[in-house]
């Protein structure tokens, strides 16, 4: 019987592996990849260097002013950097900035999330598109226009609200009103809420649109109502996005300048009532006094700007921590 011999050929020996890019360890050898990698890395380094340069400038100029300050910089209610001796502090500015921003967030966040949910899950397509277009237009309105509207329209028409708050909540002391002009931190907070509402709404709307349809359909198949679908599927998925949107809005509220300067009646005094005229914010104080300030006055204003810079960094850092802790519950990885 004939037998056939099957000859097997050994696979060719592998050739030398392509040299990996020692800079990345990912084998990026093409010129385009190396150029893009260099541009990306350079952009990241540039941002870090820029932040470090801003922090160094603020720290240096602030140290010059604080070293000559005869008052406690963090607790003093005085602002007289040209006096002999110079005395200035940020207690009133910190209080006004934080209180007005908290009022703005308390008003804007619930309304913005509600608008975003209505556009994405309740409104007909045409109506939702029209509302989204109007919200986009609000985001494009300059700050000075908001300031003019606040000074000429909002302030004169706040008496009714102030009177109602005084009648029903004046006993708390927080909403006591003596009939003065409505150029107070509450009015500033309402104006800031209108300014940051488009930012929070637009970002939240885009986040809610990214919710997987499978999640919503599964909840509907189990007999959930529309609100239960939103509560169990949409809001958990978009929680981190809403937090990010809120922090973007808070960043604008903390640093808003011209609109606040046109509405607020500035004074270096802290009152128990939010309806009393007066108060101040970091940005408003810097904008109103920088042009006429001496070198010492400019250093004092820069010192207050450094505090605002630190507050903004802390707020954004805290938001990142919240997002990182809650990411696993957001539903994004489901």
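No other residue among 282, 268 is closer than 28 Å to residue 182 by Cβ, crowded, with 17+ Cβ neighbours inside 10 Å and more than 25 Å from the chain's Cα centre (by Cα) apart from 268.
Within region 161-186, which residues are touching a residue at least 40 places away in the same chain (Cβ under 8 Å) and either in a loop (DSSP other than H, G, I, E, B) or more than 30 Å from the chain's Cα centre (by Cα) (or both)? Across region 161-186, the qualifying residues are 166, 173, 174, 175, 176, 177, 178, 180, 181, 182, 183.
Checking the conditions here, which among 275, 250 is touching a strand residue (DSSP E or B) at 6+ places or on another chain (Cβ under 8 Å) and crowded, with 21+ Cβ neighbours inside 10 Å?
Details: 250 fails: touching a strand residue (DSSP E or B) at 6+ places or on another chain (Cβ under 8 Å).
Residue meeting the stated conditions: 275.
Quick one: would you say residue 94 is surrounded by 21 or more Cβ atoms within 10 Å (Cβ to Cβ) and either in contact with a helix residue (DSSP H, G or I) (Cβ under 6 Å, 6 or more places away or on another chain) or at pLDDT 90 or above (or both)? Spelling it out, it is not the case that residue 94 is surrounded by 21 or more Cβ atoms within 10 Å (Cβ to Cβ) and either in contact with a helix residue (DSSP H, G or I) (Cβ under 6 Å, 6 or more places away or on another chain) or at pLDDT 90 or above (or both).
Which residues, counting only those in region 272-294, are out of contact with any helix residue (DSSP H, G or I) (no Cβ under 9 Å at 6 or more places or on another chain) and free of Cβ contacts under 8 Å to residues at least 12 places away in the same chain? Those that are out of contact with any helix residue (DSSP H, G or I) (no Cβ under 9 Å at 6 or more places or on another chain) and free of Cβ contacts under 8 Å to residues at least 12 places away in the same chain: 291, 292. Counting only residues that are touching a residue at least 12 places away in the same chain (Cβ under 8 Å) and over 19 Å from the mean Cα position of the chain (by Cα), region 138-148 holds 3 of them. Determine if region 270-281 includes at least one residue that is assigned to a helix (DSSP H, G or I) and modelled with pLDDT of 85 or more. No, region 270-281 has no match at all.
A count restricted to region 219-242 and to residues that are surrounded by fewer than 17 Cβ atoms within 10 Å (Cβ to Cβ), in a helix (DSSP H, G or I) and either out of contact with any helix residue (DSSP H, G or I) (no Cβ under 7 Å at 6 or more places or on another chain) or touching a residue at least 40 places away in the same chain (Cβ under 8 Å) (or both) stands at 4.
A count restricted to region 190-211 and to residues that are surrounded by fewer than 14 Cβ atoms within 10 Å (Cβ to Cβ) and either within 30 Å of residue 162 (Cα to Cα) or touching a residue at least 40 places away in the same chain (Cβ under 8 Å) (or both) stands at 1.
The values are calculated or read from the model by the stated rules, or taken from the named source; none is laboratory data. Remember, it's a predicted structure, so these values are computed and weren't measured experimentally. No Cβ is skipped: glycine too gets one built from the backbone with ideal geometry, and neighbour counts run over all protein chains shown.
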